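Inspection log for the structure reproduced underneath, given as structure tokens.
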Amino acid sequence: MAASTADVVAAICHAKVRDLPVGVHSTGHGYAGSSTGGMLINTSNMQSLSVDTSTGSARAGAGVRWESVIAQAAPHGLAPLNGSSPDLGVIGYTLGGGMGPMGRTFGFAADHVNAIEIVTNDGSLQHVTADSEPELFWALCGGKCAVGIVTNIDFNLMPVPEVYGGPSSFPRRMPPPCFTRMATGCVRCPNPPRHPLP
Ligand SMILES: Cc1cc2nc3c(=O)[nH]c(=O)nc-3n(C[C@H](O)[C@H](O)[C@H](O)COP(=O)(O)OP(=O)(O)OC[C@H]3O[C@@H](n4cnc5c(N)ncnc54)[C@H](O)[C@@H]3O)c2cc1C
């Protein structure tokens, strides 16, 4: 269990000296594969989170889930580009690209990353931006991460003051009339929905 960036550096250096393969997870939602003979670093205790309302951005540690970001950002009319479940880890989700319910309007979560703090496989700590390390930055933004463990991520929030949503389910024989009704209702909304899902 890592509690800080220093813990991650120490764990990676320990694994390097012993030639151990390293895995990482925070929520365990992703398939981690077999860790037999290796080291699995759990970042769920790395809960540092700050929201900057003046720039509309946030910085999240490696254990932060989207639900925490939503809770801090929403009172300011801001929202992150989280996925369909608020229970996912900010970093694991974003490193895979991150296509969520508001993606049709704002794009992938990875499109809105400003900076990434990473401990690379040689144990060195790097602050990576599109200007400082363009190749590594763009590889991380959507390419998952085979080169180290991300300890913090800085990203933009979107101006979304209000969200109306939820699941709809229908009896099997009813879809056509339901869809017509839904489409008609959407047109009548005072603020037409901008992020409808199929
Ligand atoms: C219920 C559910 C809903 C989902 N909805 C969406 C969705 O709407 N859109 C979408 O794009 N995806 C979605 N996903 C997929 C999700 O983005 C991936 O499963 C993602 O990997 C989960 O990340 P995690 O950190 O929560 O999981 P974890 O199991 O903690 O991590 C998964 C993997 O992410 C990488 N990783 C995690 N933390 C780090 C780190 N600090 N440094 C480097 N690598 C790290 C590792 O490769 C790790 O094996 C969904 C998944 C679930 C289970």
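The values are calculated or read from the model by the stated rules, or taken from the named source; none is laboratory data. For clarity, every value in this text was computed on a predicted model and none was experimentally measured. Virtual Cβ from ideal backbone geometry, glycine too; neighbours counted across all protein chains shown.
So for the stretch 163-186 (the condition being surrounded by 12 or more Cβ atoms within 10 Å (Cβ to Cβ) and in contact with a strand residue (DSSP E or B) (Cβ under 8 Å, 6 or more places away or on another chain)), does at least one residue qualify?
yes
Matching residues to (1) farther than 24 Å from Gly30 by Cα; (2) in contact (Cβ under 8 Å) with a residue 12 or more places away in the chain:
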| residue | (1), (2) |
| --- | --- |
| Gly89 | no, yes |
| Gly96 | no, yes |
| Thr105 | yes, yes |
| Phe108 | no, yes |
| Ile116 | no, yes |
| Asn121 | no, yes |
| Thr129 | yes, yes |
| Ser132 | yes, no |
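Which numbered condition in (1) at pLDDT below 95; (2) within 25 Å of Tyr93 (Cβ to Cβ) is the only one that Thr36 fails?
Unmet for Thr36, out of (1) at pLDDT below 95; (2) within 25 Å of Tyr93 (Cβ to Cβ): (2).
Would you please name the residue that is farthest from the ligand (Cβ to nearest atom), looking only at residues in the stretch 74-87 that are touching a Gly at 6+ places or on another chain (Cβ under 9 Å) and either β-branched (Val, Ile, Thr) or at pLDDT 95 or above (or both)?
Top of the filtered list is His76.
Quick one: which residue in Arg59, Arg104 is among the basic types (Lys, Arg) and either more than 14 Å from the ligand (Cβ to nearest atom) or within 13 Å of the chain's Cα centre (by Cα) (or both)?
On inspection, the qualifying residue turns out to be Arg59.
How about the stretch 112-133: which of its residues are over 21 Å from Ala2 (Cβ atoms) and over 20 Å from the mean Cα position of the chain (by Cα)?
Within the stretch 112-133, Asp131, Ser132, Glu133 qualify.
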